[in-house]
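Here is the structure we will look at, set down as structure tokens.
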Amino acid sequence: MKKLLFATNNAHKLAEVGAVLGPAYTLATPRDCGVTEEIPETQPTLEGNARQKARYLYERTGLDCFADDTGLEVAALGGAPGVHSARYATDGHDFAANNRLLLENLRGAADRRARFRTVICLIEGGEERLFEGIVEGRILDREAGCEGFGYDPLFVPDGFDRTFAEMTAEEKNAVSHRGRAVRRLAGYLHGK
Ligand code: IMP
């Protein structure tokens, strides 16, 4: 069994990613490895943040590791909130305020196209590799559903007539940005 350090202390993400990677991999968290401080993510792109977080962990632990970063990119807003998705409306991770601001900024907009994009950076033996997952969809003009988190109640993926917040976790993972990026990572790791 191979140990990989994943740059999250979020139990939900850990379980989700662990399920896709399967039993050949054990995932450790930063806390498991003595990294208790907040890992910096100060770069202007998703790629930059994923690399910064993975590199930070690798430098502190010397372990093979990976980090992810996700953003919602809205066409009519020139790709915003993008890398600022967590802190769109406030300094904290206030999902309700973020959703209100997004609706306000899209009020009356005919073009509702948006996509979620996840970038994963893997560092193995010091070498970096990036994996991307994208799901295209659109933003509703009101919230629907109460599953999931973040912008889920506003986002309807292409080919569906329900938001992510109206889907089960399995349904969402099958098409989601994060699910796709993690399956690419898993495909690479298993194919070696
Ligand atoms: P993170 O990089 O995974 O922490 O994601 C940054 C921000 O993007 C989160 O705080 C959410 O606002 C948003 N986000 C990421 N993934 C999702 C998702 O699957 N559904 C809804 N919002 C998400």
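The values are calculated or read from the model by the stated rules, or taken from the named source; none is laboratory data. As the structure is a computational prediction, the values presented were derived from the model and not from experiment. Here the Cβ positions follow ideal geometry from the backbone for every residue, glycine too, while neighbour counts run over all protein chains shown.
When Gly133, Gly145, Gly137, Gly108 are checked against the criterion of being in a loop (DSSP other than H, G, I, E, B) and under 29 Å from Thr168 (Cβ atoms), Gly145 stands alone in meeting it. One residue alone among Asn98, Asn49 is touching a Phe, Trp or Tyr at 6+ places or on another chain (Cβ under 9 Å) and surrounded by 19 or more Cβ atoms within 10 Å (Cβ to Cβ), and that residue is Asn98. Please verify whether Glu41 is part of a helix (DSSP H, G or I) and within 14 Å of the ligand (Cβ to nearest atom), treating the condition exactly as stated. In short, no. Taking the stretch 67-102 only, how many residues are of a type outside the set (Val, Ile, Thr), within 29 Å of Thr29 (Cα to Cα) and assigned to a loop (DSSP other than H, G, I, E, B)? Result for the stretch 67-102: 7. Taken over the stretch 86-107, residues that are within 11 Å of Ala76 (Cα to Cα) and at pLDDT below 95 amount to 0. Summed over the stretch 148-167, residues that are within 16 Å of the chain's Cα centre (by Cα), assigned to a loop (DSSP other than H, G, I, E, B) and surrounded by fewer than 21 Cβ atoms within 10 Å (Cβ to Cβ) total 3. In the stretch 74-99, the residues that are farther than 17 Å from Asn49 by Cα and away from the ligand (no atom under 12 Å from the Cβ) form Cβ pairs under 6 Å with partners that are charged (D, E, K, R) and in a loop (DSSP other than H, G, I, E, B), at six or more places apart or across chains, as follows: Ala75/Asp111; Ala76/Asp111. Among all residues of the stretch 168-182, there is none that is part of a strand (DSSP E or B), under 14 Å from the mean Cα position of the chain (by Cα) and near the ligand (Cβ under 9 Å from one of its atoms). Evaluation of Phe131 against the conditions (1) over 22 Å from Gly62 (Cα atoms); (2) among the hydrophobic types (A, V, I, L, M, F, W, C); (3) free of Cβ contacts under 8 Å to residues at least 60 places away in the same chain shows that the sole unmet condition is (1).
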